[in-house]
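Trainee: Structure in structure tokens, see below.
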Amino acid sequence: MLRAALPLLGLPLAGAGATEEPTQEPGSPGEPPPGLALFRWQWHEVEAPYLVALWILVASLAKIVFHLSRKVTSLVPESCLLILLGLVLGGIVLAVAKKAEYQLEPGTFFLFLLPPIVLDSGYFMPSRLFFDNLGAILTYAVVGTLWNAFTTGAALWGLQQAGLVAPRVQAGLLDFLLFGSLISAVDPVAVLAVFEEVHVNETLFIIVFGESLLNDAVTVVLYKVCNSFVEMGSANVQATDYLKGVASLFVVSLGGAAVGLVFAFLLALTTRFTKRVRIIEPLLVFLLAYAAYLTAEMASLSAILAVTMCGLGCKKYVEANISHKSRTAVKYTMKTLASCAETIIFMLLGISAVDSSKWAWDSGLVLGTLFFILFFRALGVVLQTWVLNQFRLVPLDKIDQVVMSYGGLRGAVAFALVILLDRTKIPAKDYFVATTIVVVFFTVIVQGLTIKPLVKWLKVKRSEHHKPTLNQELHEHTFDHILAAVEDVVGHHGYHYWRDRWEQFDKKYLSQLLMRRSAYRIRDQIWDVYYRLNIRDAISFVDQGGHVLSSTGLTLPSMPSRNSVAETSVTNLLRESGSGACLDLQVIDTVRSGRDREDAVMHHLLCGGLYKPRYRPRIPPALAHHPEAPYCSYSQATHHVFLS
Amino acid sequence: MALCGKVSKENFNNIPDLELNPIRSKIVRAFFDNRNLRKGPSGLADEINFEDFLTIMSYFRPIDTTMDEEQVQLCRKEKLRFLFHMYDSDSDGRITLEEYRNVVEELLSGNPHIEKESARSIADGAMMEAASVCVGRMEPDQVYEGITFDDFLKIWQGIDIETKMHVRFLNMETIALCH
């Protein structure tokens with residue numbers, strides 16, 4: 001792939017000497033050094049890593065400053081602020097050094113900045129929701145992107161024929177198609193950054209976000225194909241080349257997914273055996289996921305698809321196998337890396353825009369592109385949704401469609417791809433670069449700023465923060481079974497049928513192979529929810545000042561009012577203060593031991609079975625009606641209440 | 001199969017895929033439940049004909065976009081009532097603790113490593129949760145008898161059952177049972 005051909009750390013090395021004080025070696029070689037130097041300035045030895053660290057530091061400090069003002073962050077999404085900051089910094093650097101220093105280099109972007117973000121989203125993707133909506137996601141990703149690319153490219157070419165684009169923009173139909181293909185893809189980084197602050201309902205989010213991830217394959221193929229057609233010259237393109245293009249779409253996407261799944265399998269398998277070497281568990285997760293990305297890049301397959309599939313596929317088994325601490329480590333490291341990468345990307349986007357030597361302005365092209373991407377996206381969404389609604393279980397209504405078309409944000413991927421174009425083959429590159437910059441800025445700033453008020457105005461269904469309740473979990477499982485049964489009875493092999501088949505296959509073969517034996521045995525979603533709720537209530541009980549150890553024999557018959565427990569519980573507080581691209585808001589850190597015996601011990605401990613005080617204090621009336629009771633003492637309370 | 005146009009419980013047992021379903025017995029019962037068939041307040045029919053079968057299937061009808069708010073609420077209530085009848089096996093209008101325990105045990109029966117004791121505590125916990133949602137604070141002497149249908153509706157308030165509980169049939173002729 002063209003991406004890999006570029007130098008890796010293009011970031012800090014270009015002409016860094018121009019911005020810093022000239023360094024001097026203490027004496028040139030051949031001369032005796034003038035005595036022992038007390039202090040030596042060794043800038044160029046630490047230059048590269050220091051600059052990288054400095055940029056990350058600046059980005060993080062900027063984030064802190066932004067969040068000092070609640071008002072600003074509630075109105076303006078972070079990505080906007082970062083891009084503007086980048087612009088300012090770029091301006092400063094330009095003024096000081098008289099030439100643009102730091103750019104968003106495609107090599108750095110694709111190899112170092114993009115993988116953490118994609119890994120984070122893939123790993124924390126709610127897989128049930130993803131697969132429920134897979135049909136819609138795939139349609140939008142494949143058909144939608146193709147539609148966008150071709151219509152935008154063709155329309156721009158039409159614009160040029162009509163004379164609205166200046167003739168100095170030397171581009172033919174193929175060039176415009178190439179440009180269309182890179183500008184038409186919805187960008188996962190931008191979508192995440194903006195939608196994360198908006199909190200639309202999960203279905204909408206997963207469709208837009210899933211589309212942005214899965215359209216990578218289409219973008220890669222289109223870009224490659226158009227690029228090679230341009231290089232070959234439009235006269236030499238034959239029919240077989242078109243067919244090869246179509247075939248490569250399948251190869252790239254399925255191949256990428258396959259690579260991801262292979263690595264997911266390897267990852268799950270290796271974590272099964274890391275019981276004695278717990279410390280390397282987080283490392284394994286990152287290494288293998290990154291290896292999946294790099295392998296797919298190497299084979300010119302869709303790397304984003306590979307990492308997404310890897311994260312999706314391995315999560316269930318890895319979470320079961322690795323220790324509690326490793327789970328926390330993995331989660332926070334991933335979030336940190338992703339957040340960091342996202343910040344840097346937006347900042348560098350801002351900085352790169354300042355370098356005017358890289359772009360050339362043409363109003364017709366810019367305005368035309370802006371109009372066409374918005375228009376054709378909206379049109380595409382409406383058409384596809386109309387078709388999809390014939391097949392979907394839950395139809396997508398008009399408001400969803402508006403949000404979907406408006407939420408089709410372009411971002412850094414488009415920018416990186418346009419920088420990669422070869423100016424000798426595509427003379428209009430500079431115009432394309434300018435247009436891409438304007439488009440990216442427009443979508444991130446204007447659309448990013450206005451999407452929140454739009455969502456509020458349209459009264460889009462927002463995401464409901466469901467506290468996990470036991471009843472809900474039970475009922476969901478009952479549903480799944482009922483629906484699968486109905487499909488069995490009717491003989492219709494619908495969605496639920498296949499889900500059920502997959503779950504059984506997974507339970508019988510995959511989970512046994514990939515999960516640690518102790519984890520496999522008590523693996524059950526209902527039990528998990530019950531366990532977590534138990535622990536959570538126990539924690540909050542203790543936090544409220546209750547004493548678990550001495551509550552032996554206390555019959556606490558009054559029911560907890562769940563609302564008060566939930567609002568004041570420590571885990572809830574932790575949840576609220578956490579931030580980052582976290583789709584899975586209900587991930588509660590559990591004190592999971594994974595062994596039946598330890599579970600039983602915990603159970604008994606909570607019920608006060610181990611420690612019995614010699615002297616039982618008289619229960620003050622206030623404590624007898626203590627509102628927070630651990631889940632397990634429900635058994636005692638149950639007996640009291642139900643069997644009376 | 002069904003030669004005389006009627007189906008009995010044994011025919012359901014012949015469906016191979018259904019055997020793997022842990023709550024199979026409850027589901028089969030639901031098909032013959034008089035309350036679902038709208039034939040009476042309790043009891044089971046011995047056989048059902050095609051019309052009865054369709055009556056049961058109608059509970060799984062997807063929500064039409066042309067329906068107004070009131071119809072949607074009605075549809076929702078019907079679906080929840082179907083579910084309620086599945087849990088309330090003795091038809092007394094309340095889901096008692098025993099019945100709930102029964103349901104949970106069946107749900108977890110697929111996993112041989114979870115003991116009955118755990119299933120019972122889960123059921124107890126769920127019942128407590130339901131009680132707290134429906135009744136709130138209770139006095140120590142108050143007895144919570146069971147979940148009534150109204151309580152059941154309350155539990156389900158935030159959740160979208162209309163969108164979860166339906167099956168989309170593209171082609172009604174694929175009903176294998178009724179050739």
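The values are calculated or read from the model by the stated rules, or taken from the named source; none is laboratory data. Predicted model only: the values in this text are computed from it and were never measured. For neighbour counting, all protein chains shown are included, and Cβ atoms are generated from backbone atoms with ideal geometry for every residue, glycine included.
Trainee: Which one of the conditions (1) over 27 Å from A:Ala136 (Cα atoms); (2) in contact (Cβ under 8 Å) with a residue 60 or more places away in the chain; (3) surrounded by fewer than 23 Cβ atoms within 10 Å (Cβ to Cβ) does A:Arg423 fail to meet, given that it meets all the rest?
Mentor: Checking A:Arg423 against (1) over 27 Å from A:Ala136 (Cα atoms); (2) in contact (Cβ under 8 Å) with a residue 60 or more places away in the chain; (3) surrounded by fewer than 23 Cβ atoms within 10 Å (Cβ to Cβ), the one that fails is (2).
Trainee: Of the numbered conditions (1) within 17 Å of A:Asp524 (Cα to Cα); (2) within 7 Å of chain A (Cβ to nearest Cβ); (3) of a type in the set (A, V, I, L, M), B:Ala123 satisfies every one except a single condition; which is it?
Mentor: (2)
Trainee: Please find, within the range A:393-421, the residue that is nearest to A:Leu348 (Cα to Cα) out of those that are under 25 Å from the mean Cα position of the chain (by Cα) and outside any helix (DSSP H, G or I).
Mentor: Here the answer is A:Gly411.
Trainee: Quick check on my filter: what residues within the range B:1-40 are within 12 Å of chain A (Cβ to nearest Cβ), hydrophobic (A, V, I, L, M, F, W, C) and more than 15 Å from the chain's Cα centre (by Cα)?
Mentor: B:Met1, B:Val7, B:Phe12, B:Ile15, B:Leu18, B:Leu20
Trainee: Tell me, which helices (runs of 4 or more DSSP H) lie completely within the range A:442-533 with 2 or more residues that are of a type in the set (A, V, I, L, M, F, W, C)?
Mentor: A:448-457, A:470-490, A:495-505, A:511-514
Trainee: Taking the residues in the range B:16-59 that are of a type in the set (Asp, Glu) and not in a helix (DSSP H, G or I) as candidates, determine which candidate is surrounded by the fewest Cβ atoms within 10 Å (Cβ to Cβ).
Mentor: B:Asp46
Trainee: Hey, another quick one. Output the residues belonging to the range A:404-413 that are surrounded by 24 or more Cβ atoms within 10 Å (Cβ to Cβ) and not basic (Lys, Arg).
Mentor: A:Met404, A:Gly407, A:Gly408, A:Leu409, A:Gly411, A:Ala412, A:Val413
Trainee: Every residue in the range A:196-211 that is of a type outside the set (Val, Ile, Thr) and modelled with pLDDT under 85, please.
Mentor: Matches in the range A:196-211: A:Glu196, A:Glu197, A:His199, A:Asn201, A:Glu202.
Trainee: Of the conditions (1) closer than 30 Å to B:Val7 by Cβ; (2) out of contact with any Leu (no Cβ under 7 Å at 6 or more places or on another chain); (3) at pLDDT 65 or above; (4) more than 8 Å from every other protein chain (Cβ to nearest Cβ), B:Ile147 satisfies every one except a single condition; which number is it?
Mentor: (1)
Trainee: In the range A:427-441, what residues are of a type in the set (Gly, Ala, Ser) and either within 14 Å of another protein chain (Cβ to nearest Cβ) or assigned to a helix (DSSP H, G or I) (or both)?
Mentor: A:Ala434 - this is the single residue of the range A:427-441 that is of a type in the set (Gly, Ala, Ser) and either within 14 Å of another protein chain (Cβ to nearest Cβ) or assigned to a helix (DSSP H, G or I) (or both).
Trainee: Residue check: is A:Gln472 within 8 Å of another protein chain (Cβ to nearest Cβ) and closer than 19 Å to A:Glu202 by Cβ?
Mentor: yes
Trainee: Would you confirm whether any residue within the range A:378-386 is over 29 Å from A:Met232 (Cβ atoms), within 14 Å of chain B (Cβ to nearest Cβ), over 24 Å from the mean Cα position of the chain (by Cα) and at pLDDT 85 or above?
Mentor: Yes - at least one qualifying residue is present in the range A:378-386.
Trainee: For the range A:1-98, which helices (runs of 4 or more DSSP H) that fit wholly inside it have 2 or more residues that are farther than 18 Å from A:Ile351 by Cα and at pLDDT 80 or above?
Mentor: Answer list for the range A:1-98: A:43-68, A:70-75.
Trainee: Residues being more than 7 Å from chain B (Cβ to nearest Cβ) and free of Cβ contacts under 8 Å to residues at least 40 places away in the same chain: count how many of those fall in the range A:511-527.
Mentor: 2
Trainee: Take A:Gly163 and decide whether it is more than 30 Å from A:Ala289 (Cα to Cα), more than 20 Å from the chain's Cα centre (by Cα) and surrounded by fewer than 24 Cβ atoms within 10 Å (Cβ to Cβ).
Mentor: Spelling it out, A:Gly163 is indeed more than 30 Å from A:Ala289 (Cα to Cα), more than 20 Å from the chain's Cα centre (by Cα) and surrounded by fewer than 24 Cβ atoms within 10 Å (Cβ to Cβ).
Trainee: Next question. Return a yes/no flag: does the range A:332-344 have any residue that is in contact (Cβ under 8 Å) with a residue 24 or more places away in the chain and part of a loop (DSSP other than H, G, I, E, B).
Mentor: There is no residue in the range A:332-344 that is in contact (Cβ under 8 Å) with a residue 24 or more places away in the chain and part of a loop (DSSP other than H, G, I, E, B).
Trainee: Testing B:Asp92 on (1) modelled with pLDDT under 75; (2) more than 9 Å from every other protein chain (Cβ to nearest Cβ); (3) assigned to a loop (DSSP other than H, G, I, E, B), one condition comes back false. Which one is that?
Mentor: Failed condition: (1).
Trainee: Let me ask another. If you go through the range A:253-308 one residue at a time, how many are crowded, with 24+ Cβ neighbours inside 10 Å and closer than 15 Å to A:Leu119 by Cβ?
Mentor: 18
Trainee: Continuing with this model, one more query. Just one of B:Glu105, B:Glu129 is on the phi < 0 side of the Ramachandran plot, of a type in the set (Asp, Glu), at pLDDT 80 or above and touching a helix residue (DSSP H, G or I) at 6+ places or on another chain (Cβ under 6 Å); which is it?
Mentor: B:Glu105
Trainee: If I filter the range A:482-495 for residues that are over 16 Å from B:Ser118 (Cβ atoms) and away from chain B (no Cβ under 11 Å), do I get at least one hit?
Mentor: Looking for residues that are over 16 Å from B:Ser118 (Cβ atoms) and away from chain B (no Cβ under 11 Å), one finds none in the range A:482-495, hence no.
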